[in-house]
Each structure stands twice: as structure tokens, then as C-alpha cells.
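Note sheet for the following structure.
The values are calculated or read from the model by the stated rules, or taken from the named source; none is laboratory data. What you see is a predicted model, and the numbers here were worked out from it, not measured in a lab. Here the Cβ positions follow ideal geometry from the backbone for every residue, glycine too, while neighbour counts run over all protein chains shown. Quick note on the areas: whole protein, heavy atoms, side chains included, nothing else; ligands and nucleic acids left out. Shrake-Rupley method; radii C 1.70, N 1.55, O 1.52, S 1.80 Å.
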Amino acid sequence: MNTLNNLLHAASFSAQKHKHQRRKGEHGEPYINHPLEVANLLANIGGVQDIDVLMAAILHDTVEDCGVTSDELRLLFGDAVAGYVLEVTDDKSLPKAERKRLQIEHAPHLSPGAKVIKLADKISNINDVTNNPPANWDLERRRAYIEWGFAVVAGLRGVNEPLESHFDLSVAKARALFG
Ligand code: ZN
């Protein structure tokens with residue numbers, strides 16, 4: 001069973017793997033701020049206490065963005081954590097539009113743990129696009145991103161009411177801003 005020590009191992013591992021990456025927003029924040037925010041939303045808004053889910057949240061972009069393998073995650077952090085990360089990892093061999101379509105299609109079929117991670121991920125990303133959008137994203141692109149996120153989250157509902165309400169507030173704020 002994973003413990004607090006394993007959670008810190010995951011945080012340190014993820015920070016190392018993301019160390020050369022920055023968020024797309026114009027402030028170019030260190031990438032690790034994002035997975036830490038996702039884990040924090042789960043714990044402190046969603047009331048999630050399952051350490052495997054919190055570890056997977058911290059690690060959720062390491063396979064998709066950093067070339068970490070599922071075997072490596074399995075070996076270091078166990079099958080449950082690796083499983084959640086893989087559930088929320090896009091197949092990068094597919095074109096971007098197809099990946100985005102598949103996120104909507106797959107959302108209802110994720111495990112409850114993967115659903116809450118995805119939900120918190122969408123909160124973090126939508127808040128970023130609202131508050132600190134990439135410099136080259138016009139209003140239309142920001143709007144389209146918010147509505148795509150909303151469509152993905154439609155398939156994630158029913159697992160965590162506080163996170164869903166938090167998500168809805170984020171979307172309402174974005175829509176008010178972007179019209
Ligand atoms: Zn993410």
C-alpha cells in the first residue's frame with residue numbers, strides 16, 4: 001500500500017521529469033505547478049484521501065509529456081497508480097483532433113479514480129486558459145477550449161460533487177469573460 005512517503009517520492013519524481021517544461025500561458029510557469037495543483041484540488045476541494053489517486057494526479061502527465069513508461073510507473077509506484085495514469089493518458093500517435101474527440105468518448109468509461117483526476121485536470125487547464133492564456137490564443141480558440149472541456153466533463157459527472165461545482169464555477173467565469 002502506498003504511504004505519504006510514496007506520495008513525496010511521486011512529487012519529486014514528477015518534478016524531475018517535468019523540469020525542462022513550462023506551461024503554455026504567457027507567464028510560462030514551471031510545468032510542475034499544474035500536476036501539483038491537480039492533486040491539491042483533489043485533496044482540498046474534492047476531499048479525496050486515496051493516496052493512489054493523489055499520486056496518480058501528481059504523475060498524470062509524465063507518460064504523455066515526458067516519455068516515462070507505464071512499466072517504470074508500475075515498478076516505482078505500483079499497478080494502481082500506473083493504471084490511473086494510463087487511463088488519463090492520450091495516445092499521442094493519433095492526430096490532435098482525434099485525441100480530443102476520444103477524450104469526450106472515453107470519459108464516461110473511466111474508473112472513478114481516473115474520473116476525478118480528469119475533472120481536476122480540466123479545472124486547472126480551464127483556469128489557466130481563463131487567467132493566463134497562451135499569448136497566441138485568440139478569443140475564439142479560448143472559447144473552443146472551454147466548451148471542449150465542458151463536453152469532456154459531461155462524461156465525468158456523478159463522482160465528486162464539490163469538484164463538479166468548482167468546475168462549473170470555473171466555466172461560468174470563463175464564459176462571462178469570453179462571451
Ligand atoms: Zn494535466
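Numbers for the structure displayed
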quantity	calculated
The chain - mean residue ellipticity at 222 nm from DSSP helices (-39,500 (n - 2.57) per run, n ≥ 4, rounded to 500)	-21500 deg cm²/dmol
Probe 1.4 Å, accessible area per residue of the chain, Å²	50
Positive-end residue of 126, 73, 34, charge dipole of the chain with Cβ unit charges	126
0 to 90° range, to nearest 10: angle between helix 33-44 axis and the chain longest Cα axis	80
Given 92/118; 17/96; 24/122; 17/100, the pairs whose alpha carbons are separated by over 19 Å	17/96; 17/100
Relative contact order computed over the chain (Cα-Cα under 8 Å; 6+ residues apart), in percent	24
Dipole magnitude of region 3-178 about its Cα centre (Cβ charges: Lys, Arg +1; Asp, Glu -1), debye to nearest 20	460
Check: region 88-169 dipole with +1 on Lys, Arg Cβ and -1 on Asp, Glu Cβ, in debye	180
Protein accessible area in the chain, 1.4 Å probe - carbon and sulfur %	54
